[in-house]
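Presented below is the structure to which this report refers.
The values are calculated or read from the model by the stated rules, or taken from the named source; none is laboratory data. Not measured: the values here are computed from a predicted model. FYI the Cβ positions are ideal-geometry reconstructions off the backbone, even for glycines, and counts take in every protein chain you see. Please note that ligands, DNA and RNA were not included when accessible areas were found on the heavy atoms of the full protein model with its side chains. Shrake-Rupley method; radii C 1.70, N 1.55, O 1.52, S 1.80 Å.
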Amino acid sequence: MNYGLYINGKWVKSTSDETFESVNPATEKSIGNFAAGNELDAKKAVDAAEEAFEKWSSTPAPKRGEILLRAAQLLKENKERLARLETIEMGKILEEARGDVQEAIDITEYMAGEGRRLFGNTTPSELPNKFCMTVRRPIGVVGVITPWNFPIAIPAWKMAPALVCGNTVVFKPASDTPLCAIEYVKILEKAGVPKGVINMVTGSGETVGSAIVKNKKIRALSFTGSRDTGDWITKNAGIKKISLEMGGKDGIIVMDDADLKLAIDGVIWAAFATSGQRCTAASRVIVHSSIKEKFVHELVIRTNRLRLGSGLKSTTDMGPLINEAAVRKSETYTQVGRNQGARMLCGGVRLPGRGFFFKPTIFENVTIDMKISQEEIFGPVLSIIEFNKIDEAINIMNSIEYGLSSSIYTKNIDMAFRAIEKIDAGITYINSSSIGAEVHLPFGGVKQTGHSREGGITGIDEFSEIKTVYVDYSGKLQKAQIDNRK
Ligand code: UN1
């Protein structure tokens, strides 16, 4: 099966006629050929989006919201089909794939409602007979570049706010999951998003991605993906509003008073769900030395029980990694961990045969200077680091370049609030795993993770401009900072 690009409301071939394959990571079988777009295709998409902007941005926001509500309804009707497709293309187990589609439904419904809000502010003027307010305006053409690990949810959490705010979109999905992106775009098309308002160009980051990043007509850019790409975007995008979310090296602190079963449930979910391929995945457990032995013993038993396999089977707990390179990366870090003196307690190998399966892996005796406790692996590799005092735990937590998600398990409210105050991250969970953000709350990080806060009302901030309006009805020239001091 061959799939095209979506430009100006039409499904078209790429101008080069070149294609690339998307592969099922559990079987290594091809699931189709996809148009490899190039610079010219990206330009056409941007031009179509620019052309469509005037009409779409003038459409009343509640009407834009109604279209999103229809999209949410279509996502609901197609939830099971989309989830299965996602498992086949991306590998995550079906239960999680359903969660991914549900996240898209939730954000789309939330943003549909924003069509009747999109609030600005009013505030008094320092002068009489003068009124001050802010109104939201669309930004213009926005570029949306998304990863493969949440192939429907992340496009939705960017495009739903972009659309309700009145922007038009050029969308470049990850090359590992183009089919999910196409299905999502088809839903928006069916819901009634007019031609040119969304345009999708599949293809490589080097050609399509960079053409979008550098295009001057693109006024805002939203990117979730690797730090190196985000760094490149920062240096090459020129003057644009940029929203970046670039991964993490998230940690979970387990205090000596923690409910151990709860903490282990949370660590397993955070480290091995989506096979560790989330930027919110916990790749470090920072555990109090007095409970470390018991904690590790239980954790390893539970981890060894996880069943690897096709995500379509209800008995599978963990699916494959996305591709061969991802398996190699986990293998390499496993080797590096050993070389640097960490002790491997389980996993560390790929499964023989077809598919990109890598066993859930745990290291102990890890110190903060080791590569496995510093670098993002994006696989099922977990490091255990010991501490004695809360300050030490927080110091370990913060001793990384990233700052996305974090968590602490404790019954002590003082410790919990210390963590909230001191952990350098965009998200801190108390007695809960480090993954599973809810769509109506801000999502994003600090330090090398980036600076955006998408989700909820802050998602609207990312995809709209604020205009400040002064209305002077005094009938005379009033000078701020001067006339009110006479
Ligand atoms: C990502 O992995 O890029 O909160 C973000 C969570 C997910 C994170 C997705 N929604 O775990």
Report task. From Gly230, Gly276, grab the single residue that is touching a Gly at 6+ places or on another chain (Cβ under 8 Å), within 16 Å of the ligand (Cβ to nearest atom), on the phi > 0 side of the Ramachandran plot and in contact (Cβ under 8 Å) with a residue 12 or more places away in the chain. Result -> Gly276
Query raised in the report: Taking Glu50 and the conditions (1) in a helix (DSSP H, G or I); (2) under 24 Å from the mean Cα position of the chain (by Cα), which numbered condition does it fall short on, given that it satisfies the others?
Result: (2)
**Report entry** Complete set of residues in the stretch 397-429 that are more than 23 Å from Met246 (Cα to Cα), among the β-branched types (Val, Ile, Thr) and open to solvent by 20 Å² or more (accessible area, probe 1.4 Å)
**Finding:** Ile413
Report summary line: Residue hits (the stretch 1-32; over 23 Å from Lys190 (Cα atoms) and either without any contact (Cβ under 8 Å) to a residue 60 or more places away in the chain or among the basic types (Lys, Arg) (or both)) are Thr15, Ser16, Asp17, Glu18, Thr19, Glu21, Lys29, Ser30
Report task. Name, by its number, the condition in (1) within 15 Å of the ligand (Cβ to nearest atom); (2) open to solvent by 10 Å² or more (accessible area, probe 1.4 Å); (3) closer than 30 Å to Thr468 by Cβ that does not hold for Val144. Result -> (2)
Query raised in the report: When residues of the stretch 262-303 are filtered for being within 16 Å of Ser434 (Cα to Cα) and surrounded by fewer than 18 Cβ atoms within 10 Å (Cβ to Cβ), how many remain?
Result: 3
Query raised in the report: Restricting attention to the stretch 50-86, and to residues there that are among the acidic types (Asp, Glu) and in contact (Cβ under 8 Å) with a residue 40 or more places away in the chain, which single residue is least open to solvent (accessible area, probe 1.4 Å)?
Result: Glu86
Report task. Assess whether Phe378 counts as being in the same structural domain as Thr334 (by TED's automatic domain parsing) and surrounded by fewer than 23 Cβ atoms within 10 Å (Cβ to Cβ). Result -> no
Query raised in the report: From the list Lys476, Lys467, Lys411, which residue is closer than 21 Å to Ala270 by Cα, at pLDDT 95 or above and either in a helix (DSSP H, G or I) or among the charged types (D, E, K, R) (or both)?
Result: Lys411
Report task. For residues that are hydrophobic (A, V, I, L, M, F, W, C), within 20 Å of the chain's Cα centre (by Cα) and not in a loop (DSSP other than H, G, I, E, B), tally how many sit in the stretch 130-169. Result -> 13
Query raised in the report: Quick one: would you say Leu179 is touching an Asp or Glu at 6+ places or on another chain (Cβ under 7 Å), open to solvent by 10 Å² or more (accessible area, probe 1.4 Å), under 20 Å from Thr108 (Cβ atoms) and aliphatic (A, V, I, L, M)?
Result: yes
Query - Selection status of Asn149, assigned by TED's automatic domain parsing to the domain that holds Tyr110, in contact with a Cys (Cβ under 9 Å, 6 or more places away or on another chain) and open to solvent by less than 10 Å² (accessible area, probe 1.4 Å) - result: yes
Requested in this report: Output the residue which, of all residues in the stretch 151-175 that are within 13 Å of the ligand (Cβ to nearest atom) and β-branched (Val, Ile, Thr), is nearest to Leu94 (Cα to Cα).
Outcome: Ile152
Requested in this report: Filter the stretch 304-323 down to residues that are of a type in the set (Asp, Glu) and within 14 Å of Gln277 (Cβ to Cβ), then give me how many there are.
Outcome: 0
Report task. Run down Thr27, Thr19, Thr59, Thr87 and say which single residue is among the hydroxyl-bearing types (Ser, Thr, Tyr) and farther than 30 Å from Thr207 by Cβ. Result -> Thr59
**Report entry** Subset tally (residues that are open to solvent by less than 60 Å² (accessible area, probe 1.4 Å), over 14 Å from Asp176 (Cβ atoms) and aliphatic (A, V, I, L, M)) for the stretch 1-35
**Finding:** 4
Query raised in the report: Is there any pair with a first residue in the stretch 393-409 that is under 20 Å from Asp256 (Cβ atoms) and a second that is of a type in the set (Lys, Arg) whose Cβ atoms are under 6 Å apart and which are 6 or more apart or on different chains, and what are they?
Result: Ile394/Lys422
Query raised in the report: So how many residues does the stretch 366-386 have that are closer than 14 Å to Val285 by Cβ, of a type outside the set (S, T, N, Q) and not in a loop (DSSP other than H, G, I, E, B)?
Result: 6
Report summary line: Ile457 fails exactly one of (1) out of contact with any Lys or Arg (no Cβ under 8 Å at 6 or more places or on another chain); (2) exposed (fewer than 14 other Cβ atoms within 10 Å of the Cβ), namely (2)
Query raised in the report: Right, Glu89: closer than 20 Å to Ile187 by Cα, in contact with an Asp or Glu (Cβ under 9 Å, 6 or more places away or on another chain), in the same structural domain as Gly9 (by TED's automatic domain parsing) and crowded, with 17+ Cβ neighbours inside 10 Å or not?
Result: yes
**Report entry** Qualifying positions in the stretch 216-242 - surrounded by 24 or more Cβ atoms within 10 Å (Cβ to Cβ) and among the polar types (S, T, N, Q)
**Finding:** Ser222, Thr224
Query raised in the report: Looking at Glu364, is it open to solvent by less than 50 Å² (accessible area, probe 1.4 Å) and not assigned by TED's automatic domain parsing to the domain that holds Glu86?
Result: yes
Query - Filtered residues of the stretch 279-306 (kept if out of contact with any Gly (no Cβ under 6 Å at 6 or more places or on another chain), within 16 Å of the ligand (Cβ to nearest atom) and not polar (S, T, N, Q)) - result: Ala281, Ala282
Requested in this report: Of all residues in the stretch 195-214, count the ones that are out of contact with any Phe, Trp or Tyr (no Cβ under 7 Å at 6 or more places or on another chain), crowded, with 24+ Cβ neighbours inside 10 Å and under 11 Å from Glu50 (Cβ atoms).
Outcome: 0
